[in-house]
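This report concerns only the one structure given below.
Every read-out reported here was derived from the displayed coordinates using simple, explicitly stated rules and does not represent laboratory data. As the structure is a computational prediction, the values presented were derived from the model and not from experiment. All Cβ positions, glycine included, derive from the backbone under ideal geometry; neighbour counts span all protein chains shown.
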Amino acid sequence: MATDRPNGGSGPVTVSRPGVLSLNIREKAALYAAYMPFLKGGGIFIPTSRVYQLGEEVFMLLSLMDDPQRIAVQGKVVWVTPEGVQGNRTQGIGVQFTADDTGASARATIEKILAESLASNRPTHTM
C-alpha cells in the first residue's frame, strides 16, 4: 500500500500497517444497509472515495449506535463499489472481518443490534 509523503515530499512511501478506517453508525437502518451477513464471518460496507484493491487489509474502528466503546477489528477488502456505478449505489468498499475473536465479536455485536432486521428484504449498499 502506498500513500503520499507527509510535508509535501515526492514519491510514494510504503506503510507497513493496514489502512485505518473509522465508521460511525447511529441508526439501525444505516447499520442494516452497511452490514454484510452473507460474508463468512460477517463484514461491513464502508463508504469511501479512496481507491482500495481487493484483498487489501484494513483496520476499522466502528462506533455503533450510542455505545461509547468503539469496536476495533481488522479485515480484508472483498467488495468494491466504484464511483459512478450504475444504480446510484454509494461508492465504497466491503470489508470481511478477520476469522479471529475480534472479528467474531464485531459480528456478534452487529447481529445483536440488528436481530430481527436480518431477515428483511430491504436493499442494502451491496445487495
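Summed over region 70-89, the residues that are under 17 Å from Ser22 (Cβ atoms) and surrounded by fewer than 16 Cβ atoms within 10 Å (Cβ to Cβ) give a count of 2. The number of residues in region 46-64 that are in contact (Cβ under 8 Å) with a residue 40 or more places away in the chain and out of contact with any Asp or Glu (no Cβ under 8 Å at 6 or more places or on another chain) comes to 12.
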